1. Can you find, within the stretch 110-134, the residue that is modelled with the highest pLDDT among those that are in contact with a Lys or Arg (Cβ under 9 Å, 6 or more places away or on another chain) and not in a helix (DSSP H, G or I)?
2. Can you confirm whether the stretch 28-43 contains a residue that is under 19 Å from Leu117 (Cβ atoms) and either touching a Phe, Trp or Tyr at 6+ places or on another chain (Cβ under 6 Å) or of a type in the set (D, E, K, R) (or both)?
3. State which residue is farthest from Ser67 (Cα to Cα) when the search covers only the stretch 135-154 and only residues that are at pLDDT 80 or above and touching a helix residue (DSSP H, G or I) at 6+ places or on another chain (Cβ under 6 Å).
4. Kindly indicate whether any position in the stretch 37-58 is basic (Lys, Arg) and assigned to a helix (DSSP H, G or I).
5. Within the stretch 67-104, count every residue that is small (Gly, Ala, Ser) and at pLDDT below 85.
6. Within 14 Å of the chain's Cα centre (by Cα) and at pLDDT 90 or above: does that describe Ile107?
7. Does Leu117 qualify as being more than 13 Å from the chain's Cα centre (by Cα) and of a type in the set (A, V, I, L, M)?
8. Within the stretch 17-68, work out how many residues are exposed (fewer than 12 other Cβ atoms within 10 Å of the Cβ), on the phi < 0 side of the Ramachandran plot and polar (S, T, N, Q).
Amino acid sequence: MTTSAPGDEHAAEEPDFKPLTAEEAAEWRRRNPSVSVGRVVKWQLVVGVVLAALVGLITQRAGWLWSVAYGAAAVVIPAALFARGLRMQLGAGQENLAMVRFFGLEIAKLVLTVVLLLLAPLVVPGLNWLALVLGLVVVMKTYWLALWLLTRSE
């Protein structure tokens with residue numbers, strides 16, 4: 001049986017981290033462009049408006065149209081406030097607050113979404129919960145399409 005010092009195991013391993021050269025970093029940035037959260041929210045808004053119009057045209061029921069639109073708004077409004085909050089600059093020396101702000105904004109977004117859903121029966125005449133959930137889910141999942149389109153167009 002052999003014994004080794006605790007530090008010997010780590011000394012034999014090669015580090016997995018290899019810093020990129022300036023050229024490699026520039027190439028990585030070119031292949032992986034950043035996408036603005038605001039642009040994703042704009043795509044969600046577009047999808048919500050188009051979906052509400054399509055449901056209104058197909059069903060010919062105003063209650064369904066407004067239910068889909070309200071479900072979409074229950075996603076877009078909190079997401080827009082979240083995006084706006086992320087754009088606010090932190091002061092010098094406050095970089096450690098970035099994650100706290102991010103999680104705070106995320107919690108506020110979730111709470112606002114729940115409040116909007118609870119207010120739906122009071123706000124939407126002829127509310128149809130199935131149509132509202134359709135608008136909510138489709139617009140919520142639109143960010144995948146928006147991210148794909150925005151990274152392809154840049």
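1. Among those residues, the one meeting the criterion is Asn128.
2. First, pick out the residues of the stretch 28-43 that are under 19 Å from Leu117 (Cβ atoms): 41.
Going one step further and asking which of them are either touching a Phe, Trp or Tyr at 6+ places or on another chain (Cβ under 6 Å) or of a type in the set (D, E, K, R) (or both), we end up with none.
Taking every residue of the stretch 28-43 in turn, none turns out to be under 19 Å from Leu117 (Cβ atoms) and either touching a Phe, Trp or Tyr at 6+ places or on another chain (Cβ under 6 Å) or of a type in the set (D, E, K, R) (or both).
3. Per the criteria, the residue is Thr142.
4. yes
5. 4
6. On the way: within 14 Å of the chain's Cα centre (by Cα): yes; at pLDDT 90 or above: yes.
Spelling it out, Ile107 is indeed within 14 Å of the chain's Cα centre (by Cα) and at pLDDT 90 or above.
7. Working: more than 13 Å from the chain's Cα centre (by Cα): yes; of a type in the set (A, V, I, L, M): yes.
Yes; evaluated as a whole, the condition is true for this residue.
8. Of the residues in that region, 3 qualify.
The values are calculated or read from the model by the stated rules, or taken from the named source; none is laboratory data. Computed from a predicted model, the values in this text were never measured in an experiment. Using ideal geometry, Cβ is built from the backbone for each residue, glycine included, and neighbour counts are taken over all protein chains shown.
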